[in-house]
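Engineer: Once you've had a glance at the structure underneath, I'll fire off some questions.
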Amino acid sequence: MSTHDLIVPAAAAAARPWRERLGTMVPILVLAPSIAASFIYVFVFTLWTLYISLSNSSLLPTYGFVGLDNYASLWANRRWNIAYTNLFLFSGFYIVGSMAVGLLLAIAIDQRVRGEAAWRTIFLYPLAVSFIVTGTVWSWLYNPVDGIQAFVRGLGWTDFSFALTANRNTAIYAVIITVIWQSSGFAMALFLAGLRSVDPDLVKAAQIDGASVFRTYRRVILPTIAPIFLAVAVIQIQFAIKTFDLVAALTRGGPGVSTTFPAIYVYDLMFQRGQIGEGAAAAMMMLAAVAVVLVPYSLWIVWRRRAEGRNG
Amino acid sequence: MSALMIRNLHKSYGSLEILAGIDLEAKTGEFVALVGPSGCGKSTLLAMIAGLETVTSGEIWIGDRLVNSVQPKDRDIAMVFQSYALYPTMTVRQNITFGMESRGVPKAAQAEAVQRVAALLQIEQLLKRKPGQLSGGQRQRVAMGRALVRDPKLFLFDEPLSNLDAKLRVDMRTEIKKLHHRVGKTTVYVTHDQVEAMTLASRIAVMNQGSVQQFDTPKRIYDRPTNMFVAGFMGSPAMNFIPARLTGSTSISVRAADGSDASLALAAPMPAGAPKDVVLGIRPEHIYRFTTDLKSRKPAVASMQAPVELVEPTGAETLAVLRLGDLEITGRFEPDDAPVMGETITLGIDMSRACLFDPTTKALL
């Protein structure tokens, strides 16, 4: 055995830990920027907003502590109350409505219709249109002078009335109808993917068991794709809460303040009126609205995972 | 009376023909296996019996009813699927009662039926669980329970054991056989595993390319396959096919390893008009080491020389690959009496068990 043979293994042994260390560090190095960014943008700025909401900031952030004064003045404002109520009304109708329409569309397409790809594209297309464009186009449709009302009257029904956005009690429903049009295609796509993933043998078994089509969907297919209902709901809740541009383009919060949403209100307070403290308080209330939904959801997920772990 | 009768059944998708004129019949209480390679149309045939696929032409009779256009639920059948197709969100009990629930059977009768089937299959302790919490064998039992609870005229099994591991498959095979003996229902069983078909069925339909090649008892199919496809498909290791020439009405010659022709006497004389060139089909277990003792026990044994290329001991038996001219044949030997690699062995071929085929039509002579 020559000295050469002895040196090579020693060198290899020295090289290996260094390489191994690099190997273990690569994932950390790759992930570090995004972890740092999300930590700063999510947690640091959330805490900063929380602090500002407790301060006497007006045009610029100042740090005089005023306790819950901003929250008190926020909740004393009728416009904020309308905005917050609108948020829940809108979210409820939006999620239930777009899921119902999306599910019906998905089931209809799942019946092996001819030209399935074309139908899918048609129903999914609204999602590709920005909220601003959707809002603008639908505001024309709702406009009594040159929209649907004028069209139907032109056909001869001269006392036909369709002016949802002109009435402060119905304007919110105009927003809801528009957003359902926009997003039910998205729900449809997810539901359709779910329906397609169901084992076709299950449907055959139900057929032999003598279950009707309705019963097969209600008892066999839809329970199987229950996780998709949750996924659709969670994605849409956060769409609902940050609704801003659609309303800005469609009704501008009006008539009056009837379609004001929290996001519009926050924007108004912070950038139009120079009341950063109260704006931050409103933003914190929006966070609370999200948390009301998502915290129980994530707790439920954790609980379910543990329960599954126990049962094997 | 036959429980199932199929007459000249055709199925095609556009110009693609899946089934080309199937005739099949199952007597009441019979266990019929449909066996064949994948793509032979056996699963399509089963789906048509179940009513899950439409009939292109032909007739399907269940009992004394023509069911061509009868809904699956009204055909009085039950089916066990390859994937089991248990409803994943329901408990085992709900899985079993779902069919009765759909047909509006009273609750008390449902509970009684579940109890009866659960006791029969020994799944009482699983009734509250969901399919996701069961092992493969347990799911299999539940799937059978769901079928049994209907008390149908006809049981359909679509490759029910192919998702189980080897050991469990053998156990469940035995159980299905026991169950069939106890329940005595007419059963149609689709499988690609010829051992399953041989062990379970009272009659086997061997299918290939959309038609039934042979429909007979397992013994007849194994001993007297009607053509080279059936002969090669049934049995493992497969039957050896050896080209041979007819040298008289009672003898054939085959080319041995050293290039010389070995003459083998036939057990029965060939009919007149048989082709000069034939294919000798011989199963591995009908090839022995030649001894005078063997000759006295089996007078139809013919002998020839062959070198041993390879030996594969499997424990219970030893397979030997033997060189014969430019082809290899497989022989099955007792481990204690097995040849060794490189040895040239004198083979004793039991000609009373040999099959002769026509090389052009592939049919049994």
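Engineer: Collect the residues in the range B:75-96 that are surrounded by fewer than 21 Cβ atoms within 10 Å (Cβ to Cβ) and facing another protein chain (nearest Cβ under 8 Å), keeping them in residue-number order.
Structural biologist: B:Q82, B:S83, B:P88, B:T89, B:M90
Engineer: Another question about this same structure. How about the range B:11-31: which of its residues are surrounded by fewer than 16 Cβ atoms within 10 Å (Cβ to Cβ) and either among the hydroxyl-bearing types (S, T, Y) or over 21 Å from the mean Cα position of the chain (by Cα) (or both)?
Structural biologist: If the condition is that a residue be surrounded by fewer than 16 Cβ atoms within 10 Å (Cβ to Cβ) and either among the hydroxyl-bearing types (S, T, Y) or over 21 Å from the mean Cα position of the chain (by Cα) (or both), then B:S12, B:Y13, B:G14, B:S15, B:L16, B:T28 are the ones that fit.
Engineer: Still on this structure, I have one more. Can you tell me which residue among B:E30, B:E25, B:E53 is closer than 22 Å to B:F229 by Cα, assigned by TED's automatic domain parsing to the domain that holds B:I221 and acidic (D, E)?
Structural biologist: Going through B:E30, B:E25, B:E53 in turn, the sole match is B:E25.
Engineer: Which of the residues that make up the range B:119-148 are within 27 Å of A:S212 (Cβ to Cβ), outside any loop (DSSP other than H, G, I, E, B) and more than 11 Å from chain A (Cβ to nearest Cβ)?
Structural biologist: B:R139, B:V142, B:M144, B:G145, B:L148
Engineer: Just need a number here: residues in the range A:35-60 that are touching a residue at least 40 places away in the same chain (Cβ under 8 Å) and either of a type in the set (S, T, N, Q) or exposed (fewer than 14 other Cβ atoms within 10 Å of the Cβ) (or both).
Structural biologist: Number satisfying all stated conditions: 9.
Engineer: Quick check on A:G194: is it in contact (Cβ under 8 Å) with a residue 12 or more places away in the chain, farther than 19 Å from A:A289 by Cα, within 14 Å of another protein chain (Cβ to nearest Cβ) and crowded, with 21+ Cβ neighbours inside 10 Å?
Structural biologist: Here the answer is yes, as A:G194 does meet what is asked.
Engineer: Next up: Could you please find all residues in the range B:345-361 being surrounded by fewer than 19 Cβ atoms within 10 Å (Cβ to Cβ) and part of a loop (DSSP other than H, G, I, E, B)?
Structural biologist: Hits for the range B:345-361 are B:D358, B:P359, B:T360, B:T361.
Engineer: Moving on to the next point. Which of the following residues is in contact with a Lys or Arg (Cβ under 7 Å, 6 or more places away or on another chain) and over 18 Å from B:R150 (Cα atoms): B:V114, B:V67, B:V92?
Structural biologist: Unique residue meeting the criteria: B:V67.
Engineer: Next question, about the same structure. Here is a list: A:S34, A:S58. Which entry is assigned to a helix (DSSP H, G or I) and either modelled with pLDDT of 90 or more or out of contact with any strand residue (DSSP E or B) (no Cβ under 9 Å at 6 or more places or on another chain) (or both)?
Structural biologist: Result of the check over A:S34, A:S58: A:S34.
Engineer: In the range B:173-186, is there at least one residue being at positive phi and of a type in the set (G, A, S)?
Structural biologist: Yes.
Engineer: Determine which member of the set B:L294, B:L364 is farther than 16 Å from B:A238 by Cα, surrounded by 13 or more Cβ atoms within 10 Å (Cβ to Cβ) and in contact with a Cys (Cβ under 8 Å, 6 or more places away or on another chain).
Structural biologist: Every option except B:L364 fails the conditions.
Engineer: Something else: Criterion first (closer than 19 Å to B:D223 by Cβ and either β-branched (V, I, T) or more than 30 Å from the chain's Cα centre (by Cα) (or both)) does B:V301 satisfy it?
Structural biologist: Considered against the rule, which asks whether it is closer than 19 Å to B:D223 by Cβ and either β-branched (V, I, T) or more than 30 Å from the chain's Cα centre (by Cα) (or both), B:V301 comes out as yes.
Engineer: Any residue at all in the range A:40-47 that is outside any strand (DSSP E or B) and closer than 16 Å to A:V266 by Cβ?
Structural biologist: The answer is yes, given that some residue of the range A:40-47 is outside any strand (DSSP E or B) and closer than 16 Å to A:V266 by Cβ.
Engineer: If you scan the range B:310-320, which residues turn out to be surrounded by fewer than 16 Cβ atoms within 10 Å (Cβ to Cβ) and either assigned to a strand (DSSP E or B) or out of contact with any helix residue (DSSP H, G or I) (no Cβ under 9 Å at 6 or more places or on another chain) (or both)?
Structural biologist: If the condition is that a residue be surrounded by fewer than 16 Cβ atoms within 10 Å (Cβ to Cβ) and either assigned to a strand (DSSP E or B) or out of contact with any helix residue (DSSP H, G or I) (no Cβ under 9 Å at 6 or more places or on another chain) (or both), then B:L310, B:E312, B:P313 are the ones that fit.
Engineer: Restricting attention to the range B:243-253, report how many residues are surrounded by fewer than 20 Cβ atoms within 10 Å (Cβ to Cβ) and aliphatic (A, V, I, L, M).
Structural biologist: Residues that pass the stated criteria total 1.
Engineer: Picking from A:Y63, A:Y71, A:Y84, which residue would you name as being surrounded by 15 or more Cβ atoms within 10 Å (Cβ to Cβ), at pLDDT below 90, more than 25 Å from the chain's Cα centre (by Cα) and among the hydroxyl-bearing types (S, T, Y)?
Structural biologist: A:Y71
Engineer: Here is a check on your reading of the model: is B:I221 touching a strand residue (DSSP E or B) at 6+ places or on another chain (Cβ under 6 Å) and outside any helix (DSSP H, G or I)? Lay out the reasoning, then the answer.
Structural biologist: On the way: touching a strand residue (DSSP E or B) at 6+ places or on another chain (Cβ under 6 Å): yes; outside any helix (DSSP H, G or I): no.
No: the conditions fail for B:I221.
Engineer: Now for a separate question. Kindly provide the set of residues from the range B:97-113 that are within 14 Å of A:R219 (Cβ to Cβ) and not small (G, A, S), ordered by number.
Structural biologist: Scanning the range B:97-113 gives B:T97, B:F98, B:M100, B:E101, B:R103.
Engineer: Take the residues in the range B:54-66 that are crowded, with 16+ Cβ neighbours inside 10 Å and at pLDDT 90 or above; name whichever of them is nearest to the other protein chains (Cβ to nearest Cβ).
Structural biologist: Checked the range B:54-66; the qualifying residue nearest to the other protein chains (Cβ to nearest Cβ) is B:I62.
Engineer: If the requirement is being more than 10 Å from chain B (Cβ to nearest Cβ), among the hydroxyl-bearing types (S, T, Y) and either buried (at least 20 other Cβ atoms within 10 Å of the Cβ) or touching a helix residue (DSSP H, G or I) at 6+ places or on another chain (Cβ under 8 Å) (or both), which of these qualifies: A:T224, A:T243? Talk me through it step by step, then tell me what you get.
Structural biologist: Values: A:T224 fails: more than 10 Å from chain B (Cβ to nearest Cβ).
Step by step, each of A:T224, A:T243 is checked, and only A:T243 is more than 10 Å from chain B (Cβ to nearest Cβ), among the hydroxyl-bearing types (S, T, Y) and either buried (at least 20 other Cβ atoms within 10 Å of the Cβ) or touching a helix residue (DSSP H, G or I) at 6+ places or on another chain (Cβ under 8 Å) (or both).
Engineer: May I ask you to list the residues in the range B:104-121 that are surrounded by 11 or more Cβ atoms within 10 Å (Cβ to Cβ) and within 33 Å of the chain's Cα centre (by Cα)?
Structural biologist: The answer is B:A113, B:V114, B:R116, B:V117, B:A118, B:L120, B:L121.
Engineer: Quick one: count up the residues across the range A:246-278 that are touching a residue at least 60 places away in the same chain (Cβ under 8 Å), crowded, with 19+ Cβ neighbours inside 10 Å and within 27 Å of A:S55 (Cα to Cα).
Structural biologist: Of the residues in the range A:246-278, 9 are touching a residue at least 60 places away in the same chain (Cβ under 8 Å), crowded, with 19+ Cβ neighbours inside 10 Å and within 27 Å of A:S55 (Cα to Cα).
For (1) modelled with pLDDT under 85; (2) within 30 Å of B:I96 (Cβ to Cβ); (3) of a type in the set (V, I, T), each residue gets a yes or a no:
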position: A:A211; (1), (2), (3): no, yes, no
position: A:V247; (1), (2), (3): yes, no, yes
position: A:T251; (1), (2), (3): yes, no, yes
position: A:A283; (1), (2), (3): no, no, no
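Engineer: Name the pairs whose Cβ atoms lie under 7 Å apart, with the first residue in the range B:278-307 and assigned by TED's automatic domain parsing to the domain that holds B:L347, the second among the hydroxyl-bearing types (S, T, Y) and in a helix (DSSP H, G or I), and 6 or more positions between them or separate chains?
Structural biologist: Between residues of the range B:278-307 that are assigned by TED's automatic domain parsing to the domain that holds B:L347 and residues that are among the hydroxyl-bearing types (S, T, Y) and in a helix (DSSP H, G or I), the close pairs are B:A300/B:S352.
Engineer: From the list A:Q149, A:Q236, which one is over 29 Å from the mean Cα position of the chain (by Cα), surrounded by 16 or more Cβ atoms within 10 Å (Cβ to Cβ) and away from chain B (no Cβ under 14 Å)?
Structural biologist: The conditions single out A:Q149.
Engineer: A follow-up question, please. Looking at (1) surrounded by fewer than 16 Cβ atoms within 10 Å (Cβ to Cβ); (2) within 14 Å of another protein chain (Cβ to nearest Cβ), find the lone condition where B:S69 falls short.
Structural biologist: The single condition B:S69 does not satisfy is (2).
Engineer: Moving to a separate point now. So, in the range B:82-117, exactly how many residues are closer than 20 Å to B:L161 by Cα and in contact with an Asp or Glu (Cβ under 7 Å, 6 or more places away or on another chain)?
Structural biologist: 3
Engineer: Could we say that B:L34 is within 15 Å of B:M79 (Cβ to Cβ), within 14 Å of chain A (Cβ to nearest Cβ) and buried (at least 20 other Cβ atoms within 10 Å of the Cβ) here?
Structural biologist: Here the answer is no, as B:L34 does not meet what is asked.
The values are calculated or read from the model by the stated rules, or taken from the named source; none is laboratory data. Here the structure is a predicted model, which means the values were calculated and not measured. Backbone-built Cβ (ideal geometry, glycine too); neighbour counts: all protein chains shown.
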